[in-house]
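The values are calculated or read from the model by the stated rules, or taken from the named source; none is laboratory data. A quick note: this is a predicted structure, and the numbers were derived from the prediction, not measured. Cβ placement follows ideal geometry from the backbone for every residue including glycine, while neighbour counts extend to all protein chains displayed.
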């Protein structure tokens with residue numbers, strides 16, 4: 001595997017900005033036919049956010065474990081927290097299957113909410 005390039009802090013900011021844009025878009029109640037493909041990519045079981053975030057957190061835990069000068073209780077707690085968060089994030093990969101099931105459903109066109 002070739003050495004990956006070091007991402008810039010601008011690239012990381014762009015990534016979180018893109019997620020914020022998706023969040024804002026979804027808050028506009030777009031048609032499901034537009035939103036579901038977007039969500040399917042974000043929640044892909046192999047390359048989606050849960051898997052990538054889990055990998056990032058595990059790598060961060062390994063980095064801290066290898067490079068922390070002293071393995072104090074505080075450092076061990078941080079490493080444990082990163083590993084637990086990584087597992088939780090990775091467990092969200094099952095949302096991929098929810099997207100698959102949603103793709104099989106028919107949705108009514110977007111419109112105003114029903115009157116109460």
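Here are a few things to note about the model shown:
- Residue in region 46-62 that is more than 18 Å from the chain's Cα centre (by Cα) and more than 26 Å from residue 102 (Cβ to Cβ) present: yes
- Subset of region 4-53 (residues that are surrounded by 14 or more Cβ atoms within 10 Å (Cβ to Cβ) and touching a residue at least 60 places away in the same chain (Cβ under 8 Å)): 32, 36, 39, 40
- Single condition residue 93 does not satisfy, out of (1) in contact with a helix residue (DSSP H, G or I) (Cβ under 9 Å, 6 or more places away or on another chain); (2) at pLDDT 90 or above; (3) closer than 23 Å to residue 105 by Cα: (2)
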